[in-house]
1. Let me spell out the model: positive unit charges on the Cβ of Lys and Arg, negative unit charges on the Cβ of Asp and Glu, origin at the Cα centre of the chain. What dipole size does that give, in debye rounded to 20?
2. If you take every residue apart from ALA177 with its C-beta less than 10 Å away from the C-beta of ALA177, what net charge results, scoring Lys and Arg +1 and Asp and Glu -1?
3. Where Rh denotes the Kirkwood radius from the mean inverse Cα pair distance, what is Rg over Rh for segment 174-265?
4. Heavy atoms only, probe 1.4 Å: what % of the accessible area of segment 210-291 goes to carbon and sulfur, would you let me know?
5. Share of Cα-Cα pairs in segment 227-295 beyond 18 Å, in percent?
6. Under the rule of -39500 (n - 2.57) per DSSP H run of 4 or more residues, summed and divided by the residues of the chain, what mean residue ellipticity at 222 nm is obtained, to the nearest 500 deg cm²/dmol?
7. Once you have the alpha carbon radius of gyration of segment 207-353, what is it after dividing by 2.2 N^0.38 Å, with N set to its residue count?
8. What nm value, rounded to one decimal, do you get for the distance between LYS346 and ALA288 when each label is placed 7 Å out toward the C-beta?
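The values are calculated or read from the model by the stated rules, or taken from the named source; none is laboratory data. Given the structure is predicted, the values throughout are model-derived calculations rather than measurements. Cβ: placed from backbone, ideal geometry, glycine included. Neighbour counts: every protein chain shown. Calculation scope for accessible area: heavy atoms of the full protein, side chains included, ligands and nucleic acids excluded. Shrake-Rupley method; radii C 1.70, N 1.55, O 1.52, S 1.80 Å.
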Amino acid sequence: MLRVHSERKGPKNLDRRWVMAAGAAAMLTGLKAPAVLAAEPDADAFYRGKTVRILVGSPPGGGYDVYARLVAPALGQKLGATVLVENKDGNGGLAALATLLVRPADGLTIMNGSAEAAIISQMLARPGATWDVNKLNWLAKMATAPKLWFVGKESRFASVADAMKAERLTWSATGPADDISDVQATISYVLGLKSKIVTGYRGAGDMSLAVIRNEVDAGLLSADSALARIAEIKPLALFGARRWKHLPDVPILREAAPLSADKTWIVTLREQIGEAQRALVAAPDVPADRVDYLRAAFAEVLTDPAVLEEGAKTNREIEYMSGADLQRLVAHLMKAAGPRLPEFHKIVLETYF
């Protein structure tokens, strides 16, 4: 479900009443029985016997890949189709989204990717961000997890306080505004860290290994991905609104260090954008009946007790939000930075690279 940070004020442009309403709708959706696939005979006939590809913008074994493979069998059963996962990493995970846009807009290629990275890259007008998130067909939100800031087991940094005293702190990332480096930049800005973000890593595996092997000082991953390496890393803090049940003793950033009042705006903004995290999306111009059909299929798959149970085995909890609610949330988040957009751009794309 959508987790709402209603206890703090965010950027004036973001209508929190709408976000709270969307969260309530998502919660209710999760409580009621899964919807039966809509009566779309043309779409049903179209998908039956076809091959559907789920693009993932990271190598096999990463969080988005694991989630895509979790839902692929059940989706194939619902559609009467063969569902394959296609990994296409590059450009901070956004090469897959660019690929989606050049494939035929027939609904046979979809993507499981970072809605937050798509939003931020467009918001900041990154080179190569040729998409319009408002025209993409958002099918469902699959999950949201906080980000985990961690160091190696033998790191000289035992705490956030130690990191704040460092003369230099290096981080691993895939690229600018990849939904990792921008959070690293946000943390660095709000805590006054002397950070250098090192880009070019392929995905979660490479980024975490860089920390474990002491190539860099610190890393940051979605907590559900970092959990697989927990025996080899030392958590420092979570970036999110509340503690995470799988790491209950790890403080959130606001607990780990005092945050300057004039800088907390960027933490609130980045937390809000993070609510649209792991999401399934189809290209613009996919026929409306196929979009509706896919949304209905994912409503069933992502509330299927068997799928939920399978995900829970590896701490991959599903927090379903409907495609329609996600479509509206994405549109609101695109405006969330408001007049602080130039400042946000400078912090997350220029200051720490």
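1. On the way: 43 positive and 39 negative charges, 149 e Å.
The calculated dipole for the chain is roughly 720 debye.
2. On the way: positive: ARG126; negative: GLU116, ASP178, ASP179, ASP182.
Cβ neighbours under 10 Å give a net charge of -3.
3. On the way: Rg = 13.2 Å, Rh = 14.0 Å.
Reported Rg/Rh, Kirkwood definition of Rh: 0.94.
4. 48 percent
5. On the way: 1381 of 2346 pairs.
Summing the P(r) tail past 18 Å for segment 227-295 gives 59 percent.
6. -11500 deg cm²/dmol
7. Output field value: 1.26.
8. Spacing of the two 7 Å Cα→Cβ label points: 4.5 nm.
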